[in-house]
Structure formats: structure tokens, C-alpha cells
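Peer 1: Right, I'll just put the structure down here and ask away after.
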Amino acid sequence: MRFFIVPGHRVVTGGDFTLNDLSGSTGRLDILLRCVNSAFFLSNSIRQDVELYLVLLGQPEPPKTVKFVGSELRYLNPDERSTAALVRSALMKRCEGEWARSTPGIYVARKGFDEILAECAGRAGEIFHLREGGQDMRDAEFAAADNAFVLGDQYDLTAGEEEAVARFKNRALSLGQKSMHTDHCITIVNNALDRACR
Ligand SMILES: C[S@@+](CC[C@H](N)C(=O)[O-])C[C@H]1O[C@@H](n2cnc3c(N)ncnc32)[C@H](O)[C@@H]1O
């Protein structure tokens, strides 16, 4: 299993947003929607062995996490607008500290970054922090079959988030010197793991 965790540092936590302004008033939800595409879409199918955690930290009810489970997903299409509608439905759902199912394969809970890390760390061999200065992923050995990958959104992880990652077995991994978009990094990680049969 591959777990991807992406904080949306400014992304709204309420469902009261318009689908016509996804890169503006949502606090850059569009960036996270592209991560959904990169995490799950193959040419003619959806990756079954991926879970994606979007940790939303904007107003009005931070934190909230929307979880996508590849093996259960239905109604997911490659366009950002329809995925935004699924996220909006999840954010409109009443939820507390436990996962509440919104639509098939999409869950929401009032969980923050630390809780999601702990949850994934309990299921993954290691947590990998994707960042430009880490060990080159091409040289990295993956001891376990299940791994978690943490990436920033338009901002890198905060100092507090880095401290949270450091509480678990972790490694910093680089995909090269150039700073890329988060969704592109997810595509590269998926491809690298595919090629390594992980
Ligand atoms: C748009 S970048 C964040 C800001 C970027 N670090 C900058 O200075 O402009 C989004 C995230 O993608 C990941 N990332 C981008 N380029 C990377 C690279 N070359 N290697 C590993 N991770 C990378 C990191 O997790 C980063 O926080």
C-alpha cells in the first residue's frame, strides 16, 4: 500500500464554496485536486493500492482530513471540478474524530496532521518526507512493501509539521534539484514504485 499525505495549509474546511473559483476562495483546493488525479489515475483504471490523505487546515473548522481509498473509489473522474464536488460533499457531512463515509472511497474526519501521521505510521514501514534536499529516491531502498509519503502543497511543511514527521521512523527523499509541483512529485513516486514493483 502507498499512502500519500498532503496538508492543504490554507484550504477551506467547510463545504460552502463555489466550484467556479477552485484556485481562489477555496485556499488553493485546486492543487490538492490535481494530487487526487496523480495519486489514482492510470490510463484506464484507478490505482487500488493507494490511499490519499488531504489534511485541510483553513477556516472555518480546521483541521479536517478527506481520505481517498483507491480500492473503494467510485464516481471519480479526471476533471478537477467533479472531484471538487466530491470533496465539497465530504466537507458538508457532519463529522467528528472518527472517519465518516461521504461517497464510496471518500471519508472525512476531524483529524489533523499528527493524527494522520500516526494512523499511517501504524500501517506503513516508514514515512518518507519528499523534499528537495533529501536522499535521491533512485538510491533509496524500500525495506517494507507499505510506505507513506508526505509532501507540501504550495508551501513546504512547516517546522511543526517537520517535527511531527520526526517522531516516526522517517527519511527525507529527493526527486532531484528542481522544485516541482506536488502532483507531479506524486506521479514520479508512483512511477518509481511501479518500476521497482513496490
Ligand atoms: C511546490 S513545492 C513547495 C514549495 C517549493 N519547495 C519551493 O521552494 O517553491 C511542493 C512540495 O513538493 C515536494 N517537492 C517539490 N520538488 C521536490 C523535489 N525535487 N524532490 C522532492 N520533493 C519535492 C515537496 O514536498 C514540496 O514541499
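Peer 1: Of these, ALA124, ALA164, ALA85, which one is open to solvent by 10 Å² or more (accessible area, probe 1.4 Å) and more than 24 Å from LEU22 (Cβ to Cβ)?
Peer 2: ALA124
Peer 1: Here is a check on your reading of the model: is LEU76 within 20 Å of ASP49 (Cβ to Cβ), more than 15 Å from the chain's Cα centre (by Cα), buried (at least 17 other Cβ atoms within 10 Å of the Cβ) and among the hydrophobic types (A, V, I, L, M, F, W, C)?
Peer 2: Judged against the criteria, LEU76 is a match.
Peer 1: Further question: Restricting the search to region 108-128, which residues are more than 24 Å from ALA145 (Cβ to Cβ) and small (Gly, Ala, Ser)?
Peer 2: Residues satisfying the conditions are ALA109, GLY112.
Peer 1: To continue, here is another question. For region 184-194, check the following and say yes or no: at least one residue is within 8 Å of the ligand (Cβ to nearest atom) and of a type in the set (Val, Ile, Thr).
Peer 2: no
Peer 1: Scan region 167-189 and give yes if some residue there is modelled with pLDDT under 95 and touching a Leu at 6+ places or on another chain (Cβ under 8 Å), otherwise no.
Peer 2: no
Peer 1: State yes or no: is SER179 within 10 Å of the ligand (Cβ to nearest atom) and open to solvent by 20 Å² or more (accessible area, probe 1.4 Å)?
Peer 2: yes
Peer 1: In region 158-195, which residues are touching a His at 6+ places or on another chain (Cβ under 8 Å) and among the basic types (Lys, Arg)?
Peer 2: If the condition is that a residue be touching a His at 6+ places or on another chain (Cβ under 8 Å) and among the basic types (Lys, Arg), then ARG171 is the only one that fits.
Peer 1: Would you check which residues across region 103-141 are within 16 Å of the ligand (Cβ to nearest atom), closer than 18 Å to ASP194 by Cβ and either hydrophobic (A, V, I, L, M, F, W, C) or under 14 Å from the mean Cα position of the chain (by Cα) (or both) and list them?
Peer 2: PHE128, LEU130, MET137, ALA140
Peer 1: Please go through region 133-161 and give me each residue that is open to solvent by 60 Å² or more (accessible area, probe 1.4 Å) and part of a loop (DSSP other than H, G, I, E, B), ordered by number.
Peer 2: Within region 133-161, GLU141, ALA143, ALA145, GLN154, TYR155, ASP156, THR158 meet the criteria.
Peer 1: Step by step: first the residues of region 49-68, then only those that are over 19 Å from ASP183 (Cβ atoms) and in contact with an Asp or Glu (Cβ under 9 Å, 6 or more places away or on another chain), then the one that is surrounded by the most Cβ atoms within 10 Å (Cβ to Cβ). Which residue is that?
Peer 2: Selected residue: PRO63.
Peer 1: Which count do you get for residues in region 165-189 that are assigned to a helix (DSSP H, G or I) and charged (D, E, K, R)?
Peer 2: Of the residues in that region, 1 qualify.
Peer 1: Can you list residue pairs whose Cβ atoms sit under 9 Å apart, with the first residue in region 100-118 being modelled with pLDDT under 95 and the second being polar (S, T, N, Q) and open to solvent by less than 20 Å² (accessible area, probe 1.4 Å)? Count only pairs 6 or more apart in sequence or on different chains.
Peer 2: That search, which allows pairs on different chains as well, returns nothing.
Peer 1: Would you check which residues across region 88-101 are open to solvent by less than 40 Å² (accessible area, probe 1.4 Å) and more than 17 Å from the chain's Cα centre (by Cα) and list them?
Peer 2: Selection gives CYS95, GLY97, ALA100.
Peer 1: Out of ALA166, ALA148, ALA159, report the one residue that is more than 9 Å from the ligand (Cβ to nearest atom), touching a strand residue (DSSP E or B) at 6+ places or on another chain (Cβ under 6 Å) and not charged (D, E, K, R).
Peer 2: So the residue among ALA166, ALA148, ALA159 that is more than 9 Å from the ligand (Cβ to nearest atom), touching a strand residue (DSSP E or B) at 6+ places or on another chain (Cβ under 6 Å) and not charged (D, E, K, R) is ALA148.
The values are calculated or read from the model by the stated rules, or taken from the named source; none is laboratory data. This is a predicted model, so every value here is computed, not measured. All Cβ positions, glycine included, derive from the backbone under ideal geometry; neighbour counts span all protein chains shown. These accessible areas exclude ligands, DNA and RNA; they are computed on the full protein's heavy atoms, side chains included. Shrake-Rupley method; radii C 1.70, N 1.55, O 1.52, S 1.80 Å.
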